[in-house]
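Please read the structure below before turning to the comments.
Each value in this text was obtained by applying a stated rule to the coordinates, not by laboratory testing. For clarity, every value in this text was computed on a predicted model and none was experimentally measured. Every residue, glycine among them, receives a Cβ derived from its backbone with ideal geometry; neighbour counts consider all protein chains shown.
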Amino acid sequence: MALTYAVLSMVAVFLAGTATTQLLKWHLARHRDREIHAVYRVLASTYIDGGTANLVSTLNAYIQQTLEHSWLFIAIGPGGKVFGGNVHALSLEIPQGWSTADGAQLGLSTGMRYRLYSGTVHGKLRLVVGMKFQQLGYLGRLVQTSFEWAFFATMLFAIIGGSLIAQRMQRRFDAVRKTMDRVAQGELTMRVPLTGHNDDIERLSGDLNSALDRLAASVEAMQQVSSDIAHDLKTPLGRLQMSVAEAIRKQADSLSVSEELESVALEVDQINRTFDALLRIAQIEGGARKASFKPVDVTEMITTLDEIYREVAREAGHTFSVAAPPDGTINILGDRELLIQMFANLIENSITHCPHGSTIRCSAAVYSDAVWITVTDNGPGIPESEHAHVLRRFYRLEKSRTSSGTGLGLSLVKAVADLHGAQLRLDAAHPGLMVTVIFAR
């Protein structure tokens, strides 16, 4: 790439130099023609004002002030006889207006070419004024030589600079390639080294490092999930194995195995619920439901939750209440079914883990440009040191391990919140727990 830029730079300098040289030559030629024509007008005026004698005197003055034959002056009278100037005999017919001629054709020993202007004054006198091309040619060659040197200097610097840039870029790309090779070999902690240059390669390296961070986090999460699944399913599978073995023993003794079969059914149901929750979280994290997002009336959603859980909470010995704004005043963009499931999980957690007589409340409000929906209880709460951990799959507090459940409730809540681009906050309610989901409007 650097070599391509170097070649393009050289081509650009060459074209610019060529165009500038030609433009300068054209301007010099116009200036020369104006100068020749100005001298012609002066001589013509001299003849008109003072006649032949005055013209010859003026011609001689011009000839004395110029270098030898750098200017050419010819005065031709009637009959074609030359009577003044620095050319005394002509071997060619000089046409009217502008023309060019060699010095030899004009009877001069020099081989230089001349730019000529010829005109007739008062219909009697032919007057020819000319100038050597030498001055124009010298300036043109000077400009051309200057641009040639500039071109070669640019070419040299472009090649050297392009080579240095190419080597530098190649080293940086090699660093990217080596990093990706080591990542492919399983070293997920490797990152592309950053140089501090704010260029495209640096931004690409930063994007790659961000992608590698996400990849490492995903792999770590998968490993953690695999470990958690193995750990959390080991106990129910062990109980399942024991129940089956006991049923086989009783069957051999012709005893009833209904109790063991009920135990097996419960364990299988628990395992199924665990895998159903895992699949649901995976579907949510995949983002497929995001395409069906629609405005959701927050008031209507909270009213639905109230209708579902007010009686359930009362039967469990709790008080459940809601606080919602007037109908239709708050809307959020999302999937209504998933949102209801998210807040249902939070309410069910409070109902399950709070002691008899607890109060559970679900409320919604608007602060600035965000909608805050909160589920609060006055139960035992969760230690602040555990807030970050309880959102992980299968993580359960020690005091909750004896209760039924999959350990995936809050993981599903987090997955739904992330899908909706919402912020999930866990705060102590003193006493109890306050879980807040903040939606941008």
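Each label point is 7 Å from the Cα along the Cα-to-Cβ direction; what then is the distance between the points at Ile271 and Arg171, in nm?
5.9
What net charge do the residues around His27 carry, taking every other residue with its C-beta under 14 Å from that of His27, with Lys and Arg at +1 and Asp and Glu at -1?
Residues close to His27 contribute a combined charge of +2.
Can you compute the FRET efficiency between Phe152 and Thr195 using 1/(1 + (r/R0)^6), with r the Cβ-Cβ distance and R0 = 30 Å? Round to the nearest 0.05. Please list the in-between numbers first.
Numbers: r = 33 Å, r/R0 = 1.09.
Using R0 = 30 Å, I get an efficiency of 0.35.
Count the net charge of all other residues whose Cβ sits under 15 Å from the Cβ of Glu187, scoring Lys and Arg as +1 and Asp and Glu as -1. Provide the component values of the computation, followed by the final result.
Working: positive: Arg177, Lys178, Arg182, Arg191; negative: Asp181, Asp213, Glu220.
So the surrounding residues net to +1.
What order, most packed first, do the peptides 69-75, 179-185 have when packing is the mean number of other Cβ atoms within 10 Å of each residue? Please list the in-between numbers first.
On the way: 69-75: 20.6, 179-185: 13.4.
The peptides rank, most packed first, as 69-75, 179-185.
Read phi for every residue in segment 36-52 and hand back ³J(HN,Hα) as whole Hz from Karplus 6.51 cos²θ - 1.76 cosθ + 1.60, θ = phi - 60°, with x for Gly and Pro.
Values, residue by residue: 4, 5, 5, 5, 4, 5, 5, 5, 4, 5, 4, 5, 5, 7, x, x, 5 Hz.
Counting Lys and Arg as +1 and Asp and Glu as -1, what is the net charge of the other residues whose Cβ lies under 13 Å from the Cβ of Arg249? Before the final figure, lay out the partial values.
Details: positive: Lys250; negative: Glu246, Asp253, Glu259, Glu260.
Every neighbour counted, the sum reads -3.
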